[in-house]
Amino acid sequence: MADRTAVIIGVGPQRGLGARLCQGFAREDLHVFVAGRTEAKLRAVADAINAEGGTATAVVTDATREREVVALFERAAAEGPGPIDLAIYNAGNNMPGGLLDLDAARFEECWRIGCFGGFLFGREAARGMLPNGAGTVLFTGASASMRGRPNFYAFTAAKGALRNFAQAMARDFGPQGIHVAHVVIDGGIAGDKIEQRWPELAKQRGEDGLIGLDAIVDAFRFLYRQPRNGWSHELDLRVHKEPF
Ligand SMILES: NC(=O)c1ccc[n+]([C@@H]2O[C@H](COP(=O)([O-])OP(=O)(O)OC[C@H]3O[C@@H](n4cnc5c(N)ncnc54)[C@H](OP(=O)(O)O)[C@@H]3O)[C@@H](O)[C@H]2O)c1
């Protein structure tokens, strides 16, 4: 029976990281607030969790809208079975594009999802957890979090800034009992996004060419379970044959 609450934002298809994180943490006996933009996708994830004996609530929330993020945390605090013990910011959208053709609106949109939303979410998570002096806040990163590359200007600017934001939070709130960590997913994920949008790429990568969803969920679970006398701030994950 769930006695703690998780808030996970950036949830899409069932074979996607956000959905798998929700399922994984529901199995850890957390009631999961499943948040994202598309109601049908959220409901499918919450229904699957409830059907297998966990508990979840779907909440349509755009991570870039302050009022919606504040309302999400208010609802989780009011309706969850216990304190908000876990918050995961998984929203992110890779928008490839070279610099000379990159228009300002596209850059800003990418930054709003990749970075600004992380600020809103991190702030509300900290506000919710501080009274208990406990909780875990996890951010999903990408290869772009670590290095700038041509053709990924907007994405790398957003993800790099999100990583620094997570570091600042960790240094600020760790001493107050809140564990903040960042997970660098250094390569494509073996999920719907790549396999449906770029099937040729998935095929070309071959066996174990994309990072497994279960392996990523395990990494998040490891961070969540760490005792406070041995916290990691960052983990990176890649397939064995990925050059880095
Ligand atoms: N996919 C990869 O290969 C890969 C590789 C490295 C890192 N990552 C990172 O992993 C995370 C998950 O990415 P994913 O592509 O695999 O997708 P996913 O976890 O399957 O789903 C993420 C969902 O976030 C939602 N989202 C987008 N903008 C949002 C917003 N403003 N507010 C709320 N939700 C929003 C989207 O919902 P809708 O579908 O409703 O638009 C999307 O389905 C991202 O942070 C990404 O940067 C992904």
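Read-outs: derived from the displayed coordinates by stated rules, not from any lab. None of the values given here were measured: they were computed from a predicted structure. Positions of Cβ are backbone-derived with ideal geometry, glycine not excepted, and every protein chain shown enters the neighbour counts.
Just a few scattered comments:
- Net charge of Cβ neighbours under 12 Å - reference Ile113; Lys, Arg +1; Asp, Glu -1: +2
- Taking 0.36 nm per residue of separation and subtracting the Cα-Cα distance, full extension of the segment from Gln14 to Glu200 would add 64.8 nm.
- Label-to-label distance, nm, for residues given as Met146 and Arg27 (7 Å Cα→Cβ offset): 2.7 nm
- Inter-label distance for Ala40 and Arg221, nm, one decimal - labels placed 7 Å from Cα along Cα-to-Cβ: 3.1 nm
- Counting charges near Gly82 (Lys, Arg +1; Asp, Glu -1) among other residues having Cβ under 9 Å from its Cβ returns a value of -1.
- Distance distribution P(r), region 114-165, all Cα-Cα pairs, bin width 5 angstrom from 0: 4, 21, 26, 18, 13, 9, 6, 3, 1 percent.
- Asn50 versus Arg65: modelled label distance in nm, points set 7 Å from Cα along the beta carbon direction: 2.3 nm
- Estimated dipole of the chain in Debye, rounded to 20 [Cβ of Lys and Arg +1, of Asp and Glu -1, Cα centre]: 320 debye
- For Val180, Val70, Val239, order by how many other beta-carbon atoms lie within 10 Å, fewest first: Val70, Val239, Val180
- 11 Å cut-off, amide nitrogen to a point 7 angstrom out along Asp172 Cα→Cβ, residues in region 109-133: 119-120, 122-127
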